[in-house]
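This report concerns only the one structure given below.
The values are calculated or read from the model by the stated rules, or taken from the named source; none is laboratory data. What you see is a predicted model; the values in this text were computed from it and never measured. All Cβ positions, even for glycine, are placed from backbone atoms using ideal geometry, and neighbour counts span all protein chains on display.
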Amino acid sequence: MSAIQQILEKKVVAVVRLDNYNRAVDVARALAAGGVNVLEFTLTGQGALEAVSATRQALGGAVCVGVGTVLSSEQAEAAIDAGAEFLVTPALRRQVIATCVKRQTLVLCGGLTPTELLEAHEAGAELLKVFPAQLGGPKFIKDVLAPMPFLKLVPTGGVSPENARDYLAAGAVAVGIGGNLVSNKLVAAEAFDQITATAQACMDAIHKQS
């Protein structure tokens with residue numbers, strides 16, 4: 001199953017933003033055990049690219065691993081070479097979109113305004129990361145989609161297991177959840193069971209029959 005198919009089916013991208021990725025495989029295993037198997041390792045932490053390779057080697061097709069905070073075409077090339085199955089930008093980065101199109105790799109391009117989101121879409125980004133989503137909340141998602149229903153929006157930033165369904169109900173195709181799922185503190189404490197439990201609660205909240 002392709003990266004975009006997995007994101008649209010699972011409806012959650014776990015944004016794993018750690019200072020150091022030496023426990024990345026344990027984190028990935030804990031999230032996957034809770035049903036969250038689409039993970040983004042951000043370049044803001046040490047060893048993110050190595051973590052992609054290690055996680056894919058250890059868990060194979062059980063997880064879909066991407067790289068976040070990609071700001072340049074050079075970073076995009078390096079991430080794809082390391083095995084990233086999708087890339088994520090925090091802002092409208094045309095050069096990253098172009099690299100992903102060339103390398104046939106899914107990109108979630110960041111944007112906040114309707115103009116940025118439409119421009120990212122027209123540049124070739126299949127999924128659009130609305131960031132920081134908490135600024136406008138679910139109503140903003142609904143308002144943007146009213147005139148542009150063809151945009152596939154993935155709100156990220158302030159999204160939690162508690163409010164994820166509100167964003168999906170507003171028309172988002174998936175959500176990105178970061179600190180509410182995984183944090184440096186939990187990893188340092190080796191609280192992997194807690195990460196699994198939170199992931200499970202998140203999936204239950206999103207996929208329960210309404």
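What are the residues in region 42-78 that are farther than 17 Å from Gln6 by Cβ, touching a Phe, Trp or Tyr at 6+ places or on another chain (Cβ under 9 Å) and not polar (S, T, N, Q), if any?
Once the filter is applied, which keeps residues that are farther than 17 Å from Gln6 by Cβ, touching a Phe, Trp or Tyr at 6+ places or on another chain (Cβ under 9 Å) and not polar (S, T, N, Q), region 42-78 yields Gly45, Gly47, Ala48, Leu49, Glu50, Ala51, Ala54.
Determine which member of the set Val67, Val36, Val52, Val88 is crowded, with 18+ Cβ neighbours inside 10 Å, under 16 Å from Leu181 (Cα atoms), aliphatic (A, V, I, L, M) and within 16 Å of the chain's Cα centre (by Cα).
Going through Val67, Val36, Val52, Val88 in turn, just one is crowded, with 18+ Cβ neighbours inside 10 Å, under 16 Å from Leu181 (Cα atoms), aliphatic (A, V, I, L, M) and within 16 Å of the chain's Cα centre (by Cα): Val36.
Restricting to region 93-141, and then to whatever is among the hydroxyl-bearing types (Ser, Thr, Tyr) and touching a helix residue (DSSP H, G or I) at 6+ places or on another chain (Cβ under 7 Å), can you tell me which residue is nearest to Ala78 (Cα to Cα)?
Thr99
Does Gly176 satisfy being at pLDDT 95 or above, in contact with a Ser or Thr (Cβ under 7 Å, 6 or more places away or on another chain) and surrounded by 18 or more Cβ atoms within 10 Å (Cβ to Cβ)?
yes
Could you tell me whether Ala146 is free of Cβ contacts under 8 Å to residues at least 24 places away in the same chain and farther than 26 Å from Gly45 by Cβ?
When the stated conditions are applied, Ala146 passes them.
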